[in-house]
Amino acid sequence: MFDGTLNTSPDEGAELTRLRSLYDGLLGEPPTSLEDEAMAELGGLARIFDLDADRPAAEVWRDLRAVLTRQSERRTDETGGEAASPAPRPLTLMLVEDDPGTAADLTEVLVAAGHGVVGPFSDAAAATTAAGLHAVDLALLDINLAGDGDGIGLARTLKQSWGVPVMFLSGDVAAAARHAELAMALVLKPYSGRDVLAAIDKAARSGGLDH
């Protein structure tokens, strides 16, 4: 029986390790300084996690570090603990994920929560075609796809051509930060089904899916 944990490559944790190595110096005495590129990445990550980026870098990283660490360490069984609250209404979700097992497991979670799923698709080309045939409330996109195209280009197409809001499901936080304007949220891999449902619920309740 599916236990709610969506397993992905163990290398996904390398991104969190990289971020800690880059930014933990901000929390030291004296704090280290950051290059412009690193500052831009930090600001992009803050925006995609709906954090106030107009603060000292150390404060931004302290909050962001807590969010990333909490999400990456949470492996709660979907059948135990407090259940995630349902979204205000059933949604039509597009799922683009090139790992077959992860795609199947997440589809099961979404359907069980009452949502409709367009896909899952393993490449951007198929998803782009489907976007012209279906009314989609929210697209859940992996950033790094093995097939034709990538999640960044797909996110741009979905937003600009069809007005579809995007949520990244990825361990590539650097890419997500660089393209924070394309997505309303990032769910960090590896994640549980509960993580994804909670992010969808937050997006729906914020009014960000009213398009």
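Each 5 Å bin, from zero up to the one with the longest distance, holds this percent of the alpha carbon pairs of region 12-73: 4, 18, 32, 29, 14, 3, 0.
Placing a pseudo-label 7 Å from each Cα along the Cα-to-Cβ vector at residue 205 and residue 29 gives an inter-label distance of 3.8 nm.
Peptides 130-138, 192-200 ranked from most to least packed, by the mean per-residue count of other Cβ atoms within 10 Å: 192-200, 130-138.
Taking other Cβ atoms within 10 Å as a rough exposure proxy, 121, 168 sort from fewest to most as 121, 168.
Hey, what did region 165-205 get for relative contact order, percent, Cα under 8 Å, at least 6 apart?
Working: 36 pairs, mean separation 16.2, N = 41.
Reported relative contact order: 40 percent.
Under the simplified labelling scheme, the residue 50-residue 17 pair shows an inter-label distance of 3.1 nm, with each label point 7 Å from Cα along Cα→Cβ. Here the relative contact order of region 12-73, from alpha carbon pairs under 8 Å that lie six or more residues apart, stands at 35 percent. Subtracting the Cα-Cα distance of residue 39 and residue 126 from 0.36 nm times their residue separation leaves 27.8 nm of extension gain.
Take every Cα pair under 8 Å in region 92-205 that's 6+ residues apart, average their separations, divide by the length, and report that relative contact order as a whole percent. Each step should come with its number before you reach the end.
Details: 193 pairs, mean separation 25.1, N = 114.
Computed value for region 92-205: 22 percent relative contact order.
In region 92-205, the C-alpha radius of gyration followed by the widest Cα-Cα span (Dmax) gives 12.4, 33 angstrom.
Within a 10 angstrom radius of the beta carbon, how do 59, 41, 97, 181 rank from fewest other beta carbons to most?
Working: 59 14, 41 22, 97 26, 181 11.
With the sparsest Cβ surroundings first, the list reads 181, 59, 41, 97.
Computed from the coordinates by the stated procedures, all read-outs in this text should not be read as laboratory data. No experiment lies behind these values; they were computed from the predicted model shown. Reconstructed Cβ throughout: ideal geometry from the backbone, glycine too, with neighbour counts over all protein chains shown.
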